[in-house]
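The structure appears right after this line, and notes come after that.
The values are calculated or read from the model by the stated rules, or taken from the named source; none is laboratory data. Just so we're clear, the structure is a prediction, and the values are computed from it rather than from any experiment. Using ideal geometry, Cβ is built from the backbone for each residue, glycine included, and neighbour counts are taken over all protein chains shown. Heavy atoms of the whole protein, side chains included, go into the accessibility calculation; ligands, DNA and RNA do not. Shrake-Rupley method; radii C 1.70, N 1.55, O 1.52, S 1.80 Å.
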Amino acid sequence: MYASREDIGYDFGDDSKVGSKPIKPNPNIDGGWAWMIVLSSFLVHILIMGSQMALGILNMEWLEEFNQSRGLTAWVSSLSMGITLIVGPFIGLFISMCGCRKTAITGGILNALGWILSAYVSNVHYLFLTFGVTAGVGSGMVYLPAVVMVGQYFQKRRALAQGLSTTGTGFGAFLMTALLKYLCTEFGWRNAMFIQGAISLNLCVCGALMRPLSPKDVVGEKCVVRSNSEDNRAKALSHSAETVKSNGVLSEESEKKEEATHEEVLDSVQHIETGGRSRSRRSMYGLRLLKTVSQLTLTVRKGFAIWYSSYFGAASLFTNRVFVAFVIWALFAYSSFVIPFIHLPEIVKQYNLSSQNNVFPLTSIIAIIHIFGKVILGIISDLPCISTWNVFLMANFTLVTCILTLPLMQTYVSLAVVCALIGFSSGYFSLMPVVTEDLVGTKHLANAYGIIICANGISALLGPPFAGWIYDITHKYDFSFYISGLLYMVGIIFLLIQPCIQKKQPREKSTEEAQV
């Protein structure tokens, strides 16, 4: 039902040449160093997403320290979580220019700096800048490369790999909550943030593990043989794929011309440098500096060209209608997952279920089952007879059904069952990078997934305040679930409609060609 990376045609080049020369597969694809990439991504999810889910501990300390309103103080953690996702498209630019490893290492330093500077703030407004913006941008610079690298290193078991790496969010929520609670009790919240900043420097180690693949290994992805079921699913979007490919070839030719011009400049500089060894060292240093600047300029221009063409050029990602529908879906999806965490305590209090909830909190049920959901859905999606797209849609349907029915549950057992289904079905988050890569290809995964998580960030930033605004007007939590569930359903309908439209277009085109 969706196009694979081969059909979208973002990996430009002469397919005939690639097919005539069998390329020896890289042993690190789906094995070897690929599992180190999974470990790196797993640790990134613990240190970033796990820490953000544990910010409730620090939020209480900030309320007591600065004596500000709950709404104003809550914006600190909301900014950090929202900016981590919203900066995705801009982080895609850094990845195009510098690669995943350098981007992640830089982000690790910036994230640690944000934590450390926050330990010295004098009011909550400074936290907006130090923690919300600085640490948030740093988190985004590590999070996106961690997801992209897993997609590059895995082909056959991508869903399982993404599922294993993203389980770090659930483990991190438990570990970081306990750690921050202990540090705040023993050393105070300021020293706790300073220590957490030092711990966050381990993100640089995670970034160093993100060893890039050689260009021939990336090109070699075209030789991967797909199963028949994947071929059948790919036919649905072949029309839009041909359009994007035809547009992309033009930009590729212009890039090759620019690259050839820069290579001529570099060769001339190298020739002058070789012939001028008898000159003074100052001249040699000047030539080497000129060569370095020229290489840096080539890298920056090439990276910016790829980033710009992905968003605004002829080969824009937005020419793929299914991808646009995917973005619209992402605008409504994330907030529906967050809202139960906001209103579950009120539901428990209203139905006098506090004693049972204290024994085993409903939010803990969601978090624990969420971990297993990511792994199990990943394993199911990697089965040769199963469509990842269908698993993704079924999980979405289950989640939106649970969101709409949760207000109707009035006993602890029924609420626990619904919460368990919410936790399991929300495991589809691990499939989002897989579906995105199948839509646009590995080459444009960073830019495409940056747009998706940006939409999720907007949803995470505006969803909770919107739910609170509805509750203030109606004084009932039910409407928050119903409205968010209906908006979520609209996004799912977009995902269902677009593949059907794309499926009809190739048939119409073939009929016109037959008449001609």
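Can you tell me which of (1) part of a helix (DSSP H, G or I); (2) modelled with pLDDT of 85 or more; (3) over 30 Å from residue 497 (Cα atoms) is the one residue 220 doesn't meet?
(2)
Listed here are the residues, each with its yes/no results for (1) aliphatic (A, V, I, L, M); (2) open to solvent by less than 10 Å² (accessible area, probe 1.4 Å).
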position: 137; (1), (2): yes, no
position: 143; (1), (2): no, no
position: 165; (1), (2): no, yes
position: 173; (1), (2): yes, no
position: 177; (1), (2): no, no
position: 185; (1), (2): no, no
position: 193; (1), (2): yes, yes
position: 200; (1), (2): no, yes
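Could you please find all residues in region 77-93 being open to solvent by 10 Å² or more (accessible area, probe 1.4 Å) and either closer than 9 Å to residue 461 by Cα or within 13 Å of the chain's Cα centre (by Cα) (or both)?
78, 79, 81, 83, 85, 86, 87, 89, 90
Identify the residue in region 330-341 that is under 11 Å from residue 481 (Cα atoms) and of a type in the set (A, V, I, L, M, F, W, C) and, among all such residues, is farthest from the chain's Cα centre (by Cα).
Top of the filtered list is 339.
If you go through region 342-374 one residue at a time, how many are more than 21 Å from the chain's Cα centre (by Cα) and among the charged types (D, E, K, R)?
2
Looking for something open to solvent by less than 10 Å² (accessible area, probe 1.4 Å), of a type in the set (A, V, I, L, M) and at pLDDT 80 or above - is there at least one such residue anywhere in region 488-502?
Within region 488-502 (the criterion being open to solvent by less than 10 Å² (accessible area, probe 1.4 Å), of a type in the set (A, V, I, L, M) and at pLDDT 80 or above), the answer is yes, since at least one residue qualifies.
Here is a yes/no grid of residues against (1) open to solvent by 10 Å² or more (accessible area, probe 1.4 Å); (2) outside any helix (DSSP H, G or I); (3) not assigned by the TED database to the domain that holds residue 89:
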| residue | (1), (2), (3) |
| --- | --- |
| 410 | yes, yes, yes |
| 426 | no, no, yes |
| 439 | no, no, yes |
| 451 | yes, no, yes |
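For region 30-126, list the helices (runs of 4 or more DSSP H) that sit wholly inside it and hold at least 1 residues that are closer than 17 Å to residue 150 by Cα; which are they?
Passing ranges, in order: 34-45, 88-98, 100-118.
Name the single residue that is most open to solvent (accessible area, probe 1.4 Å) among those in region 94-135 being out of contact with any helix residue (DSSP H, G or I) (no Cβ under 7 Å at 6 or more places or on another chain) and not aliphatic (A, V, I, L, M).
Only one residue tops the list, namely 120.
If we scan region 456-470, do we find a residue that is small (Gly, Ala, Ser), open to solvent by 10 Å² or more (accessible area, probe 1.4 Å) and more than 12 Å from residue 337 (Cβ to Cβ)?
yes
Within region 326-379, count every residue that is in a loop (DSSP other than H, G, I, E, B) and buried (at least 23 other Cβ atoms within 10 Å of the Cβ).
0
Which condition number does residue 393 fail, the rest of (1) open to solvent by less than 40 Å² (accessible area, probe 1.4 Å); (2) touching a helix residue (DSSP H, G or I) at 6+ places or on another chain (Cβ under 6 Å) being met?
(2)
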